[in-house]
Every structure is written in C-alpha cells, then in structure tokens.
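Everything below concerns the one structure shown next.
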C-alpha cells in the first residue's frame, strides 16, 4: 500500500485480520509448533487465531528470516498461516528484504549450520506500507522524479515482483470525515464474502487461487484467448514479468469469486491490472525523466 502519511495504511493492514477465517486444527498445530521451537507460547484462547507479526524496520535478517548459533524461527515463520506486516518498508535494508524472496515462493525457509540443516515453514501473507516519496507525498515539490526513483529503488525489482497487489491509498476527499450519509460495509459482512469465496476455490480446485501454478491456470481454461492477448500486451507495455502474467490471472479469478460469478471477463482482468500502482508510478517517473 502506497500513500501519504495519515491515509490509513497501517489501520487497513490491521483490519485485514478481521477478514481472515480461523485456522483449522492442523494449521493451528503447525503454528503452535513453530512458536514452541522459538520458546514462545500461545494462549489457549488464541490457539485458532491467525498471527499478525509487525517487526520494526531496524530488524536484522536473522530476526526476520530466522537463524542464530542455535537456529530458531524468525518473524516469517512466526507469521506462518497469518500476516507479516512491514510498515515503512522502504526503511528496511534492501538485503534484508531480498531474503524474503525465496520463502515467499516456497513457503519455507532453510537454515544451514555446521551441525544441522533445519527447515521452518513460512507460508505467510506479506502486507507492506510505504510513502510514495522521501517527502511523504508524490506531489511534494521538495522531491523531484530522480529523488523519488532513488527512494523507490530501495526495493528491488524481483522483490516487488512477488507482490500480487500494489495499491494507491490517496488522501480522503475534502468532506469525507464529516459525511454522515454513507453507511460503510462492516468487516463482518466482508468476512462472510471472503469465506464464501475461499470455500468456492477449495471446492473447485482443492486449493486457494493463490496456490495455483501457471500450468494449472492454463489447464482450467478460464480466460478467453482475446483477453489473454489483451493482458499480455498490457504487461509488455508496463515491462512486467511472466510471474506477473500468472499473478494477474489469479487475482482476476479471485475478483470473480468475490463477486459470486463463475465466468471471468475483461472487466475482471482490467480490475486486477488496476492494482499495479507501483508499476504505473515507476513507468510515469521514467517517462517524465
């Protein structure tokens, strides 16, 4: 999530936990085992709750990934089956962030020492928040395109490529805070829609959409050939990778599931493409230069 300070990025990240279903017994046992290895306990009333980990940007690679002379799970494993939230992600050292790339793909982290080689599960949902410029706001005259590009370059391309969504969180329009006419949707009603979409995905494929491989997406034959050509052309214009090609298909499938429709059309793909705020910002900055 990218946006100026005070637009609610951290609040949104915390509210995501209210949308996620509880762990089943096997998943909760996996999480409890990792906490036990780390020397931590989970209160009985929180046994089935997904974990929300929010490490500070001064965290070291070992605290984030795991390790030590006697290897222990890091934050990514303590967030297993839950959420790892990195606030002010551009302030994390680039080398530390790049250590997340492999666990995000494999769902586990392997730590090798002279005495042993240990594997810790780390299938987590990564959520990050950042300002779009070193001055906080993209429209601040104190930052020019070169300065903003240097700031954004703290995040490597391969790391950014791991994100399914990059969202622009703008300032609220004037008068929004005093608007009493609008009745926003509650977290509980959204959570029901999320649970229904998850159930649909598991019934249909035996797994969530996020776990589908490129080969499985092709086999499902959900997309019209003309829509896939449209998607490929758009990716070429934005300079995105083959990984993004499959990610956008998975997001489009999920958008259709949340809307309760079996068919995926061009509008779902277009909506998935709209959630690529970082790619659009980088392209606009390079064009401006």
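Among the residues of segment 127-141, is any at pLDDT 90 or above, under 18 Å from the mean Cα position of the chain (by Cα) and more than 20 Å from residue 13 (Cα to Cα)?
no
Among the candidates 78, 118, single out the residue that is out of contact with any helix residue (DSSP H, G or I) (no Cβ under 7 Å at 6 or more places or on another chain) and in contact (Cβ under 8 Å) with a residue 40 or more places away in the chain. Give the derivation first.
Values: 78 fails: out of contact with any helix residue (DSSP H, G or I) (no Cβ under 7 Å at 6 or more places or on another chain).
Result: 118 is the single residue among 78, 118 that is out of contact with any helix residue (DSSP H, G or I) (no Cβ under 7 Å at 6 or more places or on another chain) and in contact (Cβ under 8 Å) with a residue 40 or more places away in the chain.
Take the residues of segment 25-46 that are without any contact (Cβ under 8 Å) to a residue 24 or more places away in the chain and in a loop (DSSP other than H, G, I, E, B): which is surrounded by the fewest Cβ atoms within 10 Å (Cβ to Cβ)?
43
When you look at residue 63, is it over 30 Å from residue 185 (Cβ atoms), in a helix (DSSP H, G or I), modelled with pLDDT of 95 or more and in the same structural domain as residue 114 (by TED's automatic domain parsing), yes or no?
On the way: over 30 Å from residue 185 (Cβ atoms): yes; in a helix (DSSP H, G or I): yes; modelled with pLDDT of 95 or more: no; in the same structural domain as residue 114 (by TED's automatic domain parsing): yes.
For residue 63, the condition - over 30 Å from residue 185 (Cβ atoms), in a helix (DSSP H, G or I), modelled with pLDDT of 95 or more and in the same structural domain as residue 114 (by TED's automatic domain parsing) - is not met.
Counting only residues that are surrounded by 15 or more Cβ atoms within 10 Å (Cβ to Cβ) and assigned to a helix (DSSP H, G or I), how many does segment 103-127 have?
2
Give segment 103-115 a look and list any residue that's under 27 Å from residue 211 (Cβ atoms) and touching a residue at least 12 places away in the same chain (Cβ under 8 Å), or say none. Give the steps one after another, and end with the answer.
Within segment 103-115, the first condition is being under 27 Å from residue 211 (Cβ atoms), and the residues that meet it are 103-112.
Result: 103, 104, 105, 107, 108, 109, 111.
Is there a residue in segment 128-136 that is under 26 Å from residue 19 (Cβ atoms) and out of contact with any strand residue (DSSP E or B) (no Cβ under 7 Å at 6 or more places or on another chain)?
Here is the first cut: in segment 128-136, the ones under 26 Å from residue 19 (Cβ atoms) are 128-132.
Those left that are additionally out of contact with any strand residue (DSSP E or B) (no Cβ under 7 Å at 6 or more places or on another chain): 131.
Yes, some residue in segment 128-136 is under 26 Å from residue 19 (Cβ atoms) and out of contact with any strand residue (DSSP E or B) (no Cβ under 7 Å at 6 or more places or on another chain).
Scan segment 47-57 for residues that are in contact (Cβ under 8 Å) with a residue 12 or more places away in the chain and farther than 11 Å from residue 80 by Cα and report the count. Full working, then the answer.
Of all residues in segment 47-57, those in contact (Cβ under 8 Å) with a residue 12 or more places away in the chain come to 47-55, 57.
Filter once more, keeping what is farther than 11 Å from residue 80 by Cα: 47-49, 54-55, 57.
So the answer is 6.
For residue 72, work out the one condition from (1) surrounded by 21 or more Cβ atoms within 10 Å (Cβ to Cβ); (2) under 20 Å from residue 31 (Cα atoms) it doesn't fulfil.
(1)
Give segment 141-168 a look and list any residue that's in a loop (DSSP other than H, G, I, E, B), surrounded by fewer than 16 Cβ atoms within 10 Å (Cβ to Cβ) and without any contact (Cβ under 8 Å) to a residue 60 or more places away in the chain, or say none.
The answer is 141, 142, 144, 153.
The values are calculated or read from the model by the stated rules, or taken from the named source; none is laboratory data. Nothing here was measured: the structure is a model prediction, and the numbers come from that model. Quick reminder, even Gly has a Cβ in these numbers, built from the backbone with ideal geometry, and neighbours come from all protein chains shown.
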